[in-house]
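Only the coordinates and a few stated rules stand behind these numbers; no lab work does. Small disclaimer: the values here were computed from a predicted structure and weren't measured. Backbone-built Cβ (ideal geometry, glycine too); neighbour counts: all protein chains shown.
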Amino acid sequence: MAEQKNESNESIAPPDTTPRVTGIGGIFFFSDNPEKTREWYAENLGLEVNQWGSSFEFRNANRPDEINYLQWSPFESGSEYFAPSEKEFMINYRVQNIEGLVKNLKAKGVTILDSIETYDYGKFVHIMDAEGNKIELWEPVDRVFTEMGGKTTK
């Protein structure tokens, strides 16, 4: 593999592609009235909300010029989106190399609930943890959100 250089001709490390979680991508929870919940958080805590909740904007620690996002969303109580979990919340984790991570998880006997699905804003798959919590794994394409524009919570 050829050594990579930056604009100043300094050596740079190749990108890390280790299959792993890199951060939190979303916090999803049941609400008896998601619309009123979004309004309450906007009015009382200053969240910038949209029809799905609020997108929190932050900078990537390894690439500070890159904007990343975390989605906060109240779901209608009883939504099937969290099934088969019986919990009132679901965490979305940002990951890199989702294919490699799913392969590793399968080898360890972790329950994989579906196949990896690809959208313009990233790849997704759902798994179950040892406590029966459904987890969403997301390999994001953050630039799509940046290009869409719109208000974000910062």
Being farther than 24 Å from residue 47 by Cβ, small (Gly, Ala, Ser) and touching a strand residue (DSSP E or B) at 6+ places or on another chain (Cβ under 9 Å) narrows 83, 107, 130 down to just 83
Review point. What about residue 93, is it touching a Leu at 6+ places or on another chain (Cβ under 9 Å), free of Cβ contacts under 8 Å to residues at least 40 places away in the same chain and among the aromatic types (Phe, Trp, Tyr)?
Key: no
Restricted to the stretch 80-130 and to residues being touching a Pro at 6+ places or on another chain (Cβ under 8 Å) and in a strand (DSSP E or B), the residue nearest to residue 23 (Cα to Cα) is 94
Subset of the stretch 35-90, residues touching a residue at least 60 places away in the same chain (Cβ under 8 Å) and of a type in the set (Ser, Thr, Tyr), comes to 54, 55, 69
Restricting the stretch 12-50 to residues that are polar (S, T, N, Q) and out of contact with any strand residue (DSSP E or B) (no Cβ under 9 Å at 6 or more places or on another chain), the one surrounded by the fewest Cβ atoms within 10 Å (Cβ to Cβ) turns out to be 44
